[in-house]
Every structure is written in structure tokens, then in C-alpha cells.
Amino acid sequence: MADIFLICVIVVSLVILLVVGLYFVIKYQHPDDKNDAYVPKLVVWLGLVLAGATVLLLPLDVANNEGYAGCDGFNTAICGGLNMELFWSIIYWLIPIWVFFLIPLSMFYYEADDGMLMAGTSIGAKPNSRILEAIKYESFVVVIFGLIFGVTYLFLNETSIPVREVVGPTFASGPTYTIDDPVSNGTFSPALLESMGSGDTKVISSSSADPTLGTIELSVSPAVFYAGLMAWMGWFLFALFAAIGLAAVPLELLLAYVDRPRHMDAVEFAEAQLLLRDRVNELVNVGELIKLEREERAEQNGGKGPGFFDREARKAAADVRNTMIQFKQAVYLLEEDAEDFANCTANYKNYNPLIPIGCLIGFFITFIISLCWILQLILYMLPKTPVTPFLNSYFEWFDGWFPLFGVLSVAIFTLYLLLCAVKGCFKFGLRFLFFQVHPMKLNKTYMSSFLFNVGLILLCTLPLVQFSVTAFQDYARNTTINGIVNVQWKYLKFFGWFWQKKVFEYALLCVTLLTCAYLGLRPRDSSTPNSLALRDRLRARSG
């Protein structure tokens, strides 16, 4: 029977996730989307709930303890009775549906809202036209990823689990137990089994184990395989962005305290105002040059995009995209600086002085959590024989006097990594300009940015769960997900090699250390030199 307390925890947690997700969407949405884009909002809201539920399933699985052999019936004192395998299976199917179907479909529909979609093809403002156009583009996504999923499952759905053969004495040499249960009516059930005694211990000690490991080949279910495939795909993003976020999150909070608004005298005010005005003028010039260049290219190409085999045209189009990314980055940083200037001048009296103090406290908390994650990697996860269980011992110590604190600690550490992944993605895009940044700002976030970030979060949830289960393997040894991650996923064909060799863990540690060094040299984001270089490059091209 399921534990009533755990059922209450599930209900309360789900309600909290729904409320927090809805509040987040309402507070961060742009005013232009206030009475529009209801379907994308629903996808974003439920996507946030799905991401939070996926991460929180791990501490729930820890509290449930159904991976313990005694939960089959003979020692159920620590068992929660929840069918976690069913819960994880639901998550395994929902994440691909969101990532590869609902989010792209909503993105295509939302981007078509102004009558222009993708390559500049006008489709009009009718909702039916937007829906049909979105379905057309989404069909390509479904076909491509459907083929990838189908082919990989067809050829790579087997897992080779290492096993060791153990030969024991005959049953006659073991202890004898008498079953006396009138309720059973002569039928056997696991509830009739007893816990091990001293006689069982003697039998086990007299057993002999084959020193050579063998393997057993098993086919995994589609749900487990697709979850493993999604985890493998997401690991490339998670290892990069979470690593950057581990260093960037504490640094951003520290800089928010160091650069807190201060009163400016007349000279400082005039200098700052003049600098902002010059940057605004430079970006206005850049915007005009970009507009003129796009109009010239549109006239030359007749409104058509570059052909696939036209290398020069594709190169020019890529240069235009990079120019737009760099321009948007400069605009974003200018807006940030303008907001800071306003807090130092017009809004100085209304600025809450507790915000910098909260940032300083947050810095110490996030610094400790980031340091603990790095130490857990170095001391427990990467060595062949762990130096120390570290965080596992901390969680088990908490469970010794109040179990709820250990479970909450797991939730805090896992949710923090998810935050680091989002922050790392934004920081990477802002510094290196490989893709368009999608910042999340109060009352200034468009649904396209919402959808992008929710997709990123969902892609990182399964590798995050796998990473956390591996990091807390001692503490989470009785979880259902531990049997999936460290048995079925770990030894999958092709994909298992990356997890057995700890490729992603080494990559995450290396990127974290490199990010610490890089941010130590360049802690602040700056666009002034980049915007000037961008203006000069555009003038040279137009000339």
C-alpha cells in the first residue's frame, strides 16, 4: 500500500509547481503577449511543471526506497509503495513529446504570428494560415527525429550487463524456515519470506564467485531506450552549459553586489550619460546599416533565400545572422547598463537596498553548492575507487535524524544544476555569439524566448537526473532510477561507452575549471568594443 505521506507530498509538490510555473509565465511575459499566444503559454507553463517534476522525482524515488529487495514483501518497513517505474515511464514519453513536438510547433506558430515566417514568406494574419504553416514545418521535425529514434532503437536497443557467476552449496546445507500462515491457503507470496539470519550468512560465505565477469544481453523497452537516447543527446548541452553555470551563477551574484547602485555626483552623472548616449548613437547607426544591407540583399536575391548549393550565398547569409546576433547582444547589454544608470539616478531613492544584500547571501550559498559539486566530481565520481562518499555521507547523516532534510538536500542540489544549465546557456551565447541569446527578464520576455529556454531545460533534465543518480549512488542505491541509469543505460550499445568511460563527467569538470579561469580574467560582459567593430565592418561592406 502506498505511503499516505508520500501521496500528500506528490499532491502538494504538483500544486506548488503549477502555481510557480503560472506565476513565472505571468510575471515574465512581455506586454505584447499579454492577451495573445495562449497555446505557447500553455506549452511553456506545463513544460516548466514537467521539468520540475522530472527533477523532483529523484528525491521522491529516494524517499520511496522501492529498489530495496525487502519491498517485495518480507521487509516493507522503509518502503513507500509507489510505482516509480510507472512515474519514470510517463516522464520518458512526455519529454520527447514536449521537446520534439509541442515546443517546435508552438515556436513555428508564434513566429508566424506577425505574418512572416522563417525565410521571409508572407502567410497572412489568419490563424488557420499560421496553424497550417506551423504544421508543415513541424512535420519535417517529426519525420527527421522519428527516423533517428526508429533507426537507433532498431540497431542499438540492447544492453550488455556485466554479471558474475556465484556457485553456492546445496539447499540442504542451508537453514530451514517454517511457513505458518493460514491466510495464504497454501499459496506462496513474497510476503511469506523472512529477513536473512545467521544461517543464511554462513551459506553466502561458503559460496564461490567466478573471478571473470560475464555479460548478459537484454533488449530494453522503447521508453527506457528513448530516455537513454535523450539523455545522451542532452549530455552535450548539459556538460557545456551546466559547467559554465557552476562558475557563472556565483560570480553574477557577487558582481550584482559589487556593482550595486551608488549615488552619482554631477561629474559622474554627466560622464555616464554621455557614454550611454554615444553607445545609443552607435547602435542606431549599426541598425540603419543592417537595415540597408538587408534591403540590398533582398533586391539582389528577389526575396528568396540562399540556395543549398550556392556556397557564397550561404556564407553571406551566415554572416548576416552573426551580425544580427552581435547586434542583439549589444542592445541587450546597453539596456542592462541603462537600467543600472537609472537605478543610480532617477530610481535611486526607490531602489530596495536589500537586493544587494540578498545577492551577497546568494553568492555564498551558490558558491558552496558549486564547490560541493566540483568536489563530488573529483572525490567520488571520477576516481575508479571513490576517495570519499562526500555528499552521500552528508545526506545519510541528515536522514539519520530527520529523513526529510536529506531528500530536500537532493532536490536543492539537482534544481541548482538545472539553474546553472540555463545560466550557462545564456552566458555562453552572450560571450561567444554562436546563437541568439534568449534572456529571461521581468515583463520583457517574449514567448519565443520562453519556448527556447523551456526546451533547453527539458533537454537537460534527463542528463541531470543521470548525473545526480551517479553522484549520489550510495544514497540513492534503493531507487528505481538507479537500476535504470546504472544498469540499463550504462551498458547500452554505443551510448554506454560514453558513460562507462565517464566522458561527460570529465568534460564537465574541464569546462568548469576553464570557465573559472576565463571569468576570473574577464568577469564582466562588455559590448562597447564589439559594437564599434560591428559598425566599422558593416560600413566596410556597404562601401
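Would you pick out the residues in the range 55-79 that are over 14 Å from Asn482 (Cα atoms) and modelled with pLDDT under 85? Hits for the range 55-79 are Gly70, Cys71, Asp72, Gly73, Phe74, Asn75, Thr76, Ala77, Ile78, Cys79. Total residues in the range 1-59 satisfying the condition of being without any contact (Cβ under 8 Å) to a residue 40 or more places away in the chain, of a type in the set (Val, Ile, Thr) and open to solvent by less than 50 Å² (accessible area, probe 1.4 Å): the figure is 1.
Considering (1) open to solvent by 30 Å² or more (accessible area, probe 1.4 Å); (2) part of a helix (DSSP H, G or I); (3) modelled with pLDDT of 80 or more, say which one Val203 fails and leave the rest. Single failed check for Val203: (3).
In the range 353-383, of all residues being at pLDDT below 90 and not β-branched (Val, Ile, Thr), the one that is least open to solvent (accessible area, probe 1.4 Å) corresponds to Pro356. Considering the range 27-38, and only residues there that are in contact with a helix residue (DSSP H, G or I) (Cβ under 9 Å, 6 or more places away or on another chain) and not in a loop (DSSP other than H, G, I, E, B), the residue that is modelled with the lowest pLDDT turns out to be Asp33.
So that you can scan it fast, the table gives a plain yes or no per residue for (1) hydrophobic (A, V, I, L, M, F, W, C); (2) in contact (Cβ under 8 Å) with a residue 60 or more places away in the chain; (3) farther than 27 Å from Gly424 by Cα; (4) open to solvent by less than 60 Å² (accessible area, probe 1.4 Å):
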site	(1), (2), (3), (4)
Ile244	yes, yes, no, yes
Glu252	no, yes, no, yes
Ala256	yes, yes, no, yes
Arg260	no, yes, no, no
Ala266	yes, no, yes, no
Ala270	yes, no, yes, yes
Leu275	yes, no, yes, no
Val280	yes, no, yes, no
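Output yes when any residue across the range 308-316 is open to solvent by 70 Å² or more (accessible area, probe 1.4 Å), outside any helix (DSSP H, G or I), at pLDDT below 75 and not hydrophobic (A, V, I, L, M, F, W, C), and no when none is. Taking every residue of the range 308-316 in turn, at least one turns out to be open to solvent by 70 Å² or more (accessible area, probe 1.4 Å), outside any helix (DSSP H, G or I), at pLDDT below 75 and not hydrophobic (A, V, I, L, M, F, W, C). Of the candidates Gly424, Gly429, Gly406, Gly362, the single residue that is of a type in the set (Gly, Ala, Ser), within 30 Å of Tyr109 (Cβ to Cβ) and touching a helix residue (DSSP H, G or I) at 6+ places or on another chain (Cβ under 7 Å) is Gly424.
When we screen Ala134, Ala112, Ala172, Ala125 for residues that are loosely packed, with under 12 Cβ neighbours inside 10 Å and either in contact with an Asp or Glu (Cβ under 6 Å, 6 or more places away or on another chain) or at pLDDT 70 or above (or both), the only hit is Ala172.
Table: residues versus (1) buried (at least 22 other Cβ atoms within 10 Å of the Cβ); (2) closer than 30 Å to Arg321 by Cα; (3) free of Cβ contacts under 8 Å to residues at least 60 places away in the same chain.
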| position | (1), (2), (3) |
| --- | --- |
| Met440 | no, yes, no |
| Leu462 | yes, no, no |
| Val469 | yes, no, no |
| Asp474 | no, no, no |
| Phe495 | no, no, no |
| Gln500 | no, no, yes |
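Those helices (runs of 4 or more DSSP H) of the range 463-543 in which at least 1 residues are modelled with pLDDT of 85 or more and under 30 Å from Tyr68 (Cβ atoms), considering only elements entirely within it, cover 480-483, 495-500, 503-521.
Being modelled with pLDDT under 90, outside any loop (DSSP other than H, G, I, E, B) and hydroxyl-bearing (Ser, Thr, Tyr) is a condition met by no residue of the range 85-92. When the range 60-71 is limited to residues that are touching a Leu at 6+ places or on another chain (Cβ under 9 Å) and of a type in the set (Gly, Ala, Ser), the one that is least open to solvent (accessible area, probe 1.4 Å) turns out to be Gly70.
The values are calculated or read from the model by the stated rules, or taken from the named source; none is laboratory data. Note that the coordinates shown come from a computational prediction; the quantities given were computed from them, not determined experimentally. All Cβ positions, even for glycine, are placed from backbone atoms using ideal geometry, and neighbour counts span all protein chains on display. Just so you know, the surface numbers come from the protein's heavy atoms only, side chains and all, with ligands and any DNA or RNA stripped out. Shrake-Rupley method; radii C 1.70, N 1.55, O 1.52, S 1.80 Å.
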